[in-house]
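> There's a structure below that I have some questions on.
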Amino acid sequence: MAGDSTRTGYLSDEELKGGPGIPGETRRRKGAVAVLECLEDIPCNPCESSCKFDAITVGEDITTPPVLTEDNCVGCRSCVPICPGQAIFIVDESLEDDKAAVEMPYEYRPLPEKGDIVTALDRAGQPLGDATVTAVKKTEKMDRTATVIIEIPRDWSMRARAIQLKHES
Ligand code: SF4
Ligand code: SF4
């Protein structure tokens, strides 16, 4: 799909809006749900087979971008570390006090720790502000890809897609 991302290297909010892998706000407000930020016609489909709940469909033509069936998604997080493009996030907008949680793949070292205050970054790598790390997940099965969950203001839930540790700033 041609768009801003062919020039910038990252998907813009406009490109993602209404995309086949993007859950609507009503679903996001109910609790954890996958966000598939994958619009390229590339031959790839491990996300589909990683989902035991039939929430991700690529189909026979594996160059078709994945489609999310948002009401099937239970937010189990299995698809996040599986994606070679690091294009899958879990967003939960059901937190109190206008907060949200975002789980993202993380392949840098050192890993942050639970309780750390880090800087949330948008897709362009621009800082949004402080975020609290609420969990770091790393198992043998996940190979080199850990996942990090941050708590942020709800307004950032569809923009915060990376973190920077404070001592890296
Ligand atoms: S979070 Fe779980 S249920 Fe939702 S799409 Fe990913 S693997 Fe499927
Ligand atoms: S695994 Fe990731 S890159 Fe591959 S089709 Fe699924 S979302 Fe896209």
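> Keeping to region 29-51, report how many residues are surrounded by fewer than 18 Cβ atoms within 10 Å (Cβ to Cβ), modelled with pLDDT of 95 or more and more than 22 Å from Ala160 (Cβ to Cβ).
Looking only at that region, the number is 4.
> Which number in (1) among the acidic types (Asp, Glu); (2) surrounded by fewer than 13 Cβ atoms within 10 Å (Cβ to Cβ); (3) closer than 14 Å to Glu37 by Cβ marks the one condition that Asp98 misses?
Among (1) among the acidic types (Asp, Glu); (2) surrounded by fewer than 13 Cβ atoms within 10 Å (Cβ to Cβ); (3) closer than 14 Å to Glu37 by Cβ, Asp98 violates only (3).
> Report, by residue number, each residue of region 46-69 that is in a loop (DSSP other than H, G, I, E, B), within 13 Å of ligand 1 (Cβ to nearest atom) and not basic (Lys, Arg).
Cys51, Phe53, Asp54, Ala55, Val58, Pro66, Thr69
> Would you tally the residues in region 149-169 being in contact (Cβ under 8 Å) with a residue 60 or more places away in the chain and among the charged types (D, E, K, R)?
Of the residues in region 149-169, 3 are in contact (Cβ under 8 Å) with a residue 60 or more places away in the chain and among the charged types (D, E, K, R).
> Also, I was wondering about something else. Could you give every pair whose Cβ atoms fall below 6 Å, whose first residue belongs to region 71-87 and is more than 17 Å from Lys137 (Cβ to Cβ), and whose second residue is at pLDDT 95 or above, counting only separations of at least 6 or pairs across chains?
Every condition considered, the pairs that remain are Asn72/Phe53; Asn72/Asp54; Asn72/Ala55; Cys73/Val33; Cys73/Ala34; Cys73/Ala55; Ala87/Glu37; Ala87/Cys38.
> Okay, moving on. Restricting the search to region 4-13, which residues are closer than 21 Å to Ala34 by Cβ and not in a loop (DSSP other than H, G, I, E, B)?
Ser5, Asp13
> Restricting to region 52-69, what's the tally of residues that are more than 10 Å from ligand 2 (Cβ to nearest atom) and surrounded by 18 or more Cβ atoms within 10 Å (Cβ to Cβ)?
Within region 52-69, residues that are more than 10 Å from ligand 2 (Cβ to nearest atom) and surrounded by 18 or more Cβ atoms within 10 Å (Cβ to Cβ) number 1.
> Looking at (1) modelled with pLDDT of 95 or more; (2) away from ligand 2 (no atom under 15 Å from the Cβ), which is the only condition Ile88 fails?
That leaves (2) as the condition not met.
> While we're here: I'd like to check which strands (runs of 3 or more DSSP E) are fully inside region 76-132 and have at least 1 residues that are of a type in the set (Phe, Trp, Tyr) and more than 13 Å from ligand 1 (Cβ to nearest atom).
Hits in region 76-132: 99-106.
> Right, something else. Of everything in region 108-148, what is touching a residue at least 24 places away in the same chain (Cβ under 8 Å), of a type in the set (Asp, Glu) and surrounded by fewer than 15 Cβ atoms within 10 Å (Cβ to Cβ)? Give them in sequence order.
Matches in region 108-148: Asp143 only.
> Okay, next question. Can you tell me which residue within region 27-40, out of those that are near ligand 2 (Cβ under 10 Å from one of its atoms) and not in a strand (DSSP E or B), is farthest from Arg154 (Cα to Cα)?
Here the residue is Glu40.
> Do we find a residue being touching an Asp or Glu at 6+ places or on another chain (Cβ under 8 Å) and within 15 Å of ligand 2 (Cβ to nearest atom) anywhere in region 43-51?
Checking region 43-51: not a single residue is touching an Asp or Glu at 6+ places or on another chain (Cβ under 8 Å) and within 15 Å of ligand 2 (Cβ to nearest atom).
The values are calculated or read from the model by the stated rules, or taken from the named source; none is laboratory data. The model shown is predicted, which means the values in this text are computed figures rather than measured ones. Because the Cβ atoms are built from the backbone with ideal geometry, glycine has one as well, and the counts that use them run over all protein chains shown.
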